[in-house]
1. What number of residues within region 87-107 satisfy the criterion of being open to solvent by 20 Å² or more (accessible area, probe 1.4 Å) and either of a type in the set (Gly, Ala, Ser) or over 26 Å from ILE191 (Cα atoms) (or both)?
2. Restricting to region 212-228, name every residue that is away from ligand 1 (no atom under 16 Å from the Cβ) and either over 27 Å from LYS133 (Cβ atoms) or open to solvent by 60 Å² or more (accessible area, probe 1.4 Å) (or both).
3. Return the residues of region 75-86 that are in a loop (DSSP other than H, G, I, E, B) and either of a type in the set (Ser, Thr, Tyr) or open to solvent by less than 40 Å² (accessible area, probe 1.4 Å) (or both); say none if nothing qualifies.
4. For ALA242, are the conditions met, namely being buried (at least 17 other Cβ atoms within 10 Å of the Cβ) and more than 19 Å from PHE143 (Cα to Cα)?
5. Select from region 8-26 the residues that are hydrophobic (A, V, I, L, M, F, W, C) and either in contact with a Lys or Arg (Cβ under 6 Å, 6 or more places away or on another chain) or assigned to a loop (DSSP other than H, G, I, E, B) (or both) and list them in ascending order.
6. I need the full set of residues from region 233-255 which are away from ligand 1 (no atom under 16 Å from the Cβ) and closer than 21 Å to VAL27 by Cβ, in order please.
7. State whether the residues of region 383-406 include one that is closer than 19 Å to GLY264 by Cα, of a type in the set (D, E, K, R) and modelled with pLDDT of 80 or more.
8. Hey, among LEU64, LEU57, which residue is under 21 Å from the mean Cα position of the chain (by Cα), of a type outside the set (Gly, Ala, Ser) and open to solvent by 40 Å² or more (accessible area, probe 1.4 Å)?
Amino acid sequence: MAAAGPTALVTGPQLRECHGCGLFQIVPAMAANMRSDCERCGTPLRATRADPTGHCLALTFASLVLFAVLWLSMLMKVSTAGIVHETGLLSGPAELVRHGLWPLAIAVAFTTALAPLGKFAGTLYVLVGLRMKTLPPNLRGVFLISRKLGTWSMLEVLLLGVFVAYTKLGDLVTIELGAAVYALGILTVVIVWAELALDPQAVWEQIERRGQTHAPMPAVAPMEYRPGAAGCENCHLVCMPADYDGKCPRCGSIVHERKPDAIGRTIALVVAGAILYIPANVYPVLTVIQLGSGSPSTIMGGVEELVSSKMYPLALLVFFASVLVPLFKLLGLAAMISTTSLANTAEGAGILLRQRTRLYFIVAWIGRWSMVDIFMESLLGALVQFGSAVTIDPGDGAMAFCAVVIVTIFAAEAFDPRLMWDAAARNAHRPSRPTGTTALAFNSGQRQSSA
Ligand SMILES: [Zn+2]
Ligand SMILES: [Zn+2]
């Protein structure tokens, strides 16, 4: 790709609030394929693209086609004792319903079928809509929802689940991969590519230019902080929410200076997650019955079985995703809460702020990977139903485990990392936010990303 010249700017300078530390700063005008990071905490503020929507449009269309193949064709075929079983995308949830584990069925169906479908269809609607002479209705709402669904679309985790299930089944039954597995493999690459090719802020700018905003926008974008200003979490516009009923004038989502009751809600969710972590590890997640004998196994039991059958890398993967990741999330969030809410007494509120902000974003991202165990159990349950020869049934522990994953994802979402910076500023007796129309530092954290 040819490097853009220094004059080929694709954005103008903009006032932005960093969602990692709450610093208001001017993101300078940028050329294509550049990234600007917060100068205080390093959180990415904007990544520009040469074609901010076109590549993503093509890739989203490809995703939708691959997703249709994934939905309609066979995922895996297993056979033993002359009986053949096939499974597709929705056989797992259907089997879970048959076992009375319908909350688990809903979670699996939502994260592997409905959320991805909604995300692809919504993104396509918006990107095609923006190219039309007359805009179709409500691009704003559809884009908001499709971005939200992205958090819950876990096809890349499902791919890992298929891999784990395939390896585990190898010595139990004869197994064959279907077209859907290959579609899923390519789809995972295309999804990551599409996400990298999209500049969501450019989409919001186009929606703004085409006049489909929630409220009439101020003629001149503010370039200086005013008390009461806040950065919209969804479209990143800095606005005065008090002037618009607490909403962002551009995308219409509710804007807060800080997430409301962040500490209280995070504590409640972390406690709930920690309590659920006990049944998730005590109750069986899977029961394998081969020729009339067998016993239920817990998450750790499953890891031990993998170790005893010498599948060390797989054992490590399951141990990491199912045992360490939830624990890491709970402990990480607990540490972030304690350094924030005890800041008035603790000396350490200002220590490792950048690292703790980075930790927050890792905790928020990593939780989804714990679903690998749930997807694997759902696939095994659907595949291995061979009467008296061999059956695999998901157990109640899986339900508790899935609840841990979902509750900790919500906990990470409820927490506001900016509070850690507020606490540090309080401790140092200096304001964390500018107090007047102070001149803002010009962001210098800009760099060329690998194009
Ligand atoms: Zn920052
Ligand atoms: Zn907004």
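The values are calculated or read from the model by the stated rules, or taken from the named source; none is laboratory data. Computed from a predicted structure; not experimentally measured. Note that each Cβ is placed from the backbone with ideal geometry, even for glycine, and that neighbours are counted across all protein chains shown. Heavy atoms of the whole protein, side chains included, go into the accessibility calculation; ligands, DNA and RNA do not. Shrake-Rupley method; radii C 1.70, N 1.55, O 1.52, S 1.80 Å.
1. The first filter runs over region 87-107 and keeps only residues open to solvent by 20 Å² or more (accessible area, probe 1.4 Å), leaving 90-91, 94-95, 97-100, 102-103, 106.
After this cut, where a residue has to be either of a type in the set (Gly, Ala, Ser) or over 26 Å from ILE191 (Cα atoms) (or both) as well, the list is 91, 94-95, 97-100, 102-103.
Number of matching residues: 9.
2. Selection gives HIS214, PRO216, PRO218, ALA219, VAL220, ALA221, PRO222, MET223, GLU224, ARG226, PRO227, GLY228.
3. Restricting attention to region 75-86, the residues satisfying the condition of being in a loop (DSSP other than H, G, I, E, B) are 75, 81-82.
Of everything in region 75-86, just one residue is in a loop (DSSP other than H, G, I, E, B) and either of a type in the set (Ser, Thr, Tyr) or open to solvent by less than 40 Å² (accessible area, probe 1.4 Å) (or both), namely LEU75.
4. Numbers: buried (at least 17 other Cβ atoms within 10 Å of the Cβ): no; more than 19 Å from PHE143 (Cα to Cα): yes.
Against the criterion (buried (at least 17 other Cβ atoms within 10 Å of the Cβ) and more than 19 Å from PHE143 (Cα to Cα)), ALA242 does not qualify.
5. Looking only at region 8-26, we keep the residues that are hydrophobic (A, V, I, L, M, F, W, C), and these are 8-10, 15, 18, 21, 23-24, 26.
If the condition is that a residue be hydrophobic (A, V, I, L, M, F, W, C) and either in contact with a Lys or Arg (Cβ under 6 Å, 6 or more places away or on another chain) or assigned to a loop (DSSP other than H, G, I, E, B) (or both), then ALA8, VAL10, CYS18, CYS21, LEU23 are the ones that fit.
6. Let us first name the residues in region 233-255 that are away from ligand 1 (no atom under 16 Å from the Cβ), namely 234-235, 237, 239-255.
Answer for region 233-255, where residues must be away from ligand 1 (no atom under 16 Å from the Cβ) and closer than 21 Å to VAL27 by Cβ: ASN234, CYS235, LEU237, CYS239, MET240, PRO241, CYS248, PRO249, ARG250, CYS251, SER253, VAL255.
7. The answer is no, given that none of the residues of region 383-406 is closer than 19 Å to GLY264 by Cα, of a type in the set (D, E, K, R) and modelled with pLDDT of 80 or more.
8. Numbers: LEU57 fails: open to solvent by 40 Å² or more (accessible area, probe 1.4 Å).
Checking each option against the conditions leaves just LEU64.
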